[in-house]
Amino acid sequence: MPIFFLEEILKFQYNTNITIEEYEKYAKNLNQLVKEKLKLREKLLSCYLIRKSLDARKKPKLYFNLKFIIEVTGKDQEILLKKKTISHYKEIPERKLPVGQRILAKPPVIVGSGPAGLFCAYQLALNGFKPIIIEQGAALEKRIKIVDEYITQGIFNESTNIAFGEGGAGTFSDAKLTSRSKNPLLVKVLETLVEFGAAEEILYVNNPHLGTDGIRKVVLGLREKIIELGGEFYFETRFLDFQQDLEQDFIRIETDKGMIESGLLVLAIGHSSRATTRRLLNKGLPAKAKGFSVGFRIEHKATFINKSQYGRDDEIVKKLLGNSDYHLTYKGEKGVYSFCMCPGGYVVPSNSNKEEIVTNGMSYSDRGGELSNSAIVATVNSEDFGDDPFEALAYQERIEKEAYKITGQNYKALGQNATDFIEGKASEDIKVDFQPSYKPGITLGDFNQLLPKEVSLAIKGALLDFNRKLPGFIKEGFLTGPETRTSSPIQFSRDELNKVLGYNEVYAIGEGAGFAGGIVSSAIDGLRTGENIILEYRGLGE
């Protein structure tokens, strides 16, 4: 007997693979694509694309894997119920937080306005806590001008740079939104980014990114909303110390602009705040050394990477896919991997102190530059610097300061042809057919003389392996570096609520605390910490 659902609306999940050429045909009317593929008779009530990823296993023939949620009624329900490849879709119920019972005597203070700090502040502001955000760097509008002066004129500012300032280090990056986390807060992070100006495609594209221009829009939107909800930002204000007054139930926070009394303190200091980290370690906050990675950036023509990854570089590829990324790993004596790959991007200076050289990658949302770059880094850990967090910081710092000495003490980066690095000799001229994108300039030399021997050996082995996977990777590549700020070298000890052990009402979050690695995981850590505070407190006292 046939089954008809004339009144009830049902949701179904539908997956399909189509060539990129077919996708272009239906790109402006995906509803029609779904109707034709499923042979539906009636009008779709709704059709949402929730996942889009590229399948290049049969290159140069390229496919999109698409996942839809569709709503149908009537006879179309009968059609879909008979298809084994179609499944029912169940909505994930919205999370509701119970509110704590304690009243917070004074506003929470958050140190740092990177993703962890901003998302924690946003969560608290939404719930009436009126947070105060302290940021040693400048507000974004001013920060952009200061960073541009450094890149183009070599005028370095220790408080405001690519590492420090509103939005954190990710503001001048490719702004990738990838995360290994299965935390339900991941969806909330992405939805919040869209609410404040990010393109909706980040909700369904595999490995989405915002680009430096996209993340800036979001940062400004978050700031405006937090202020609207009663929060305050103290830019160009350096956090120095804190003292807990357990009898008065508040914390005195010392800055270079004066004292602030707070109900609780959230440390979202970022992975490059070595001076602040050392002050906190000297104060006695418990922490341990943790592994991180060091190496350099490798730069290629974007067309070379595109042909390697897509098997082609034609107009439809440029239109629908843009410049290609890649992810490479190698297991040897030390793990080596590509990190923060920036298609159509630029290598930029990311030092946070004078007399040191640090590089990073940056791209705009269109990833339209002629060159592509990625960090190639080897993991270092306690075998290299012991268990002391001060030694881990010093290991990182030594490489950066030595690079500054080698390159002529003018913020030029060390540069080398990848072929010369493999052969163990300093470069005397640039052999690739492009000019490296690092604007402060390049001093040619030899990374074998800068990086620890075991790191150089590991990366050489990795590059030879990567060259087998992507023929020409070495010959067509140019190295710029060093790259040392992949993550924090230390991790603070904290409990399940993210409070620092032994320090009531003091929280350590994000990359600087050693518990995140990128924009999304940092934002999740910030949101989770905000939730933890809300679960304990009802709000501010009048």
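The values are calculated or read from the model by the stated rules, or taken from the named source; none is laboratory data. Source: prediction; values computed, not measured. Don't worry about glycine lacking a Cβ; one is built from the backbone with ideal geometry, like all the others, and counts go over all protein chains shown. The protein model used for the area step is the full one, side chains on, heavy atoms only, and it has no ligands, DNA or RNA in it. Shrake-Rupley method; radii C 1.70, N 1.55, O 1.52, S 1.80 Å.
Would you please classify the overall shape of the chain from the alpha carbon gyration tensor, given that a ≥ b ≥ c denote the square roots of the eigenvalues, rounded means a/c under 1.5, and beyond that prolate means a/b larger than b/c while oblate covers the rest?
oblate
Electrostatic tally near Phe156: other residues with Cβ closer than 11 Å to its Cβ, Lys and Arg +1, Asp and Glu -1, net -3. Helix by helix through the chain, keep the DSSP H runs that span 30 Å or more along the axis on Cα and average at least -1.0 on Kyte-Doolittle, and give those back in order. None clear 30 Å together with a mean of -1.0.
When the solvent-accessible area of the chain is split by element, carbon and sulfur atoms take up 48 percent of it, the probe being 1.4 Å. When you filter the trypsin sites (Lys or Arg not before Pro) in the stretch 171-222 for DSSP loop state and at most 16 other Cβ atoms inside 10 Å of their Cβ, you are left with Arg180, Lys182. The residues of the stretch 265-321 expose on average 34 square angstrom of accessible surface per residue, using a 1.4 Å probe on protein heavy atoms. For the stretch 110-151, the solvent-accessible area works out to 26 Å² per residue, with a probe of 1.4 Å and every protein chain left in place. Shape of the stretch 92-185 from the C-alpha gyration tensor: oblate (a/c of 1.5 or more and a/b not above b/c, with a ≥ b ≥ c the square roots of its eigenvalues). For the stretch 69-93 and the stretch 388-442, what is the separation of their C-alpha centers, rounded to whole Å? Between the Cα centres of the stretch 69-93 and the stretch 388-442 lies a distance of 57 Å. Note on the stretch 46-94: dipole from Cβ charges, positive end direction compared against Thr73, His88, Ser53; the farthest Cα belongs to Ser53. Excluding ligands, DNA and RNA, the accessible surface per residue across the stretch 429-479 is 46 Å² with a 1.4 Å probe.
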